[in-house]
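Novice: This is the structure I have questions about; it appears just below.
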Amino acid sequence: MHRERWLLPAGIEEVLPSQARIMEMLRRELLDLFRGWGYELVIPPFIDYLESLLTGTGHDLDLQTFKLIDQLSGRLLGIRADMTPQVARMDAHNLRREVPTRLCYLGTVLHTRSDGFAGTRSPLQLGAEIYGHAGVESDVEILRLLLRTLELAGIADIHLDLGHVGIFRGLARQCALQGEQENDLFDALQRKAITEMGELVSSFGISADASRMLLGLAELNGDDALERARVQLAAADAAVHAALDHLSEVAEQLERWVPEIPVHFDLAELRGYHYKTGVVFAAFGPGSGQEIARGGRYDDIGAVFGRARPAVGFSTDLKGLIRLGRGLEARYAEAAGVLAPWSDDPALGEAVARLRAAGRKVVAALPGAEAPAQALGCGEVLRLRDGGWVVEPA
């Protein structure tokens, strides 16, 4: 019975001192990185009205959102599972700027189930978003910032997967698929269920060319996917070719900015299809079969808050970055502190204050609980020598 009181819910973790220090130091570096790129920090509320959380991206998060009743209003509340809808509300309703706006955030979100690459139900979601610009340039800036984020976290050998929801959406519109037909085919496509896709397409009563293009999407992945798509989707409408052109331009700009990063294409991997409007992407690292960061364009997300502006962004999990990062312990290793005896000597107080002002850790010994300096994380001590307090090896 007593032992059970120490247990934590599945997927919920405590963060102990050594890990917490790394987490906090990396958090500061990343937020400084974002600030240097012009991204302003916002802090959305941890609990919000459910309808605000389940708008735009939120519809896909319904099953991941914890729900409760507000005892003051009687309305249904949710604990945020993703901060993007809340940040979109800030841009649309609170800030209401006419110029492009760069916003970033970092905070805990809560999931009903663990599905992230860190295996937690309480990720520390880190993200950055640009509102008010619809061009390739903002897509590429977000991708460059994502890559710099992963690099700063000590993750090497990254590769990107790029896609575009406009390709499948354009083909579905060209084939006049109804909502249920489109959803069924989309679901089968995500599972790469080729046989099921064939059966569905046969039941739609569409032309042979249209059927061939839809079925061919499942195979359009790899480094040469765009070249093959130009051939296989030659009969597609202009919207599909515009999406292919957009992807090509994104890839060309990435080659100029970050030529060392491999870029792959997967025209069937449509993360967030039901709210994304353009390019979609995911970053993968070594030894991780799951994406370690994701994002894309979602131009309609602010509409429910009264102002739909072009938007593109990415998010990742700080806990997961730390798990995959290399060299973080050495980078954020804490210098040994200084142990100060318990004394009301003003001169000792002044010496301690000078050391702390210089960034040193000074631990005061507590009467009746004396311990060796090393046990308190100290490699040096303050000793009274010739009327003055000096730092000496422990």
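Novice: Please go through (1) out of contact with any helix residue (DSSP H, G or I) (no Cβ under 7 Å at 6 or more places or on another chain); (2) of a type in the set (G, A, S); (3) more than 30 Å from I292 (Cβ to Cβ) for A330 and return the number of the only condition it doesn't satisfy.
Specialist: (3)
Novice: Looking only at residues in segment 159-179 that are open to solvent by 20 Å² or more (accessible area, probe 1.4 Å) and in a helix (DSSP H, G or I), which one is modelled with the lowest pLDDT?
Specialist: G179
Novice: Checking the conditions here, which among L95, L68, L72, L54 is over 20 Å from the mean Cα position of the chain (by Cα), closer than 21 Å to G127 by Cβ and either at pLDDT 90 or above or open to solvent by 20 Å² or more (accessible area, probe 1.4 Å) (or both)?
Specialist: From the options L95, L68, L72, L54, the qualifying one is L95.
Novice: Among E40, E29, which is in contact with a strand residue (DSSP E or B) (Cβ under 7 Å, 6 or more places away or on another chain), of a type in the set (D, E), open to solvent by 20 Å² or more (accessible area, probe 1.4 Å) and touching a residue at least 24 places away in the same chain (Cβ under 8 Å)?
Specialist: Among E40, E29, only E40 is in contact with a strand residue (DSSP E or B) (Cβ under 7 Å, 6 or more places away or on another chain), of a type in the set (D, E), open to solvent by 20 Å² or more (accessible area, probe 1.4 Å) and touching a residue at least 24 places away in the same chain (Cβ under 8 Å).
Novice: Which condition breaks for I206 when tested against (1) surrounded by 14 or more Cβ atoms within 10 Å (Cβ to Cβ); (2) in a helix (DSSP H, G or I)?
Specialist: Only one criterion is unmet by I206, namely (2).
Novice: Kindly provide the set of residues from segment 350-363 that are open to solvent by less than 80 Å² (accessible area, probe 1.4 Å) and more than 40 Å from the chain's Cα centre (by Cα), ordered by number.
Specialist: A351, V352
Novice: Can you name the residue in segment 270-327 that is under 16 Å from A156 (Cα atoms) and of a type in the set (S, T, Y) and is also nearest to the chain's Cα centre (by Cα) among such residues?
Specialist: That would be T316.
Novice: Of the numbered conditions (1) more than 19 Å from the chain's Cα centre (by Cα); (2) in contact (Cβ under 8 Å) with a residue 60 or more places away in the chain; (3) surrounded by fewer than 21 Cβ atoms within 10 Å (Cβ to Cβ), E260 fails exactly one; give the number of that condition.
Specialist: (2)
Novice: Just the residues that are of a type in the set (S, T, Y), modelled with pLDDT of 95 or more and over 11 Å from the mean Cα position of the chain (by Cα), please, taken from segment 99-121.
Specialist: Passing the criteria: T101, T108.
Novice: Could you check how many residues of segment 129-158 are farther than 17 Å from V99 by Cα, within 16 Å of the chain's Cα centre (by Cα) and not in a helix (DSSP H, G or I)?
Specialist: The qualifying residues number 4.
Novice: A follow-up question, please. Scan segment 287-295 and give yes if some residue there is open to solvent by 60 Å² or more (accessible area, probe 1.4 Å) and in contact with a Lys or Arg (Cβ under 9 Å, 6 or more places away or on another chain), otherwise no.
Specialist: yes
The values are calculated or read from the model by the stated rules, or taken from the named source; none is laboratory data. For clarity, every value in this text was computed on a predicted model and none was experimentally measured. Cβ coordinates were reconstructed from backbone atoms using ideal geometry, including for glycine residues, and neighbour counts include every protein chain displayed. Remember, those area values only see protein heavy atoms, side chains included, never the ligands or the DNA or RNA. Shrake-Rupley method; radii C 1.70, N 1.55, O 1.52, S 1.80 Å.
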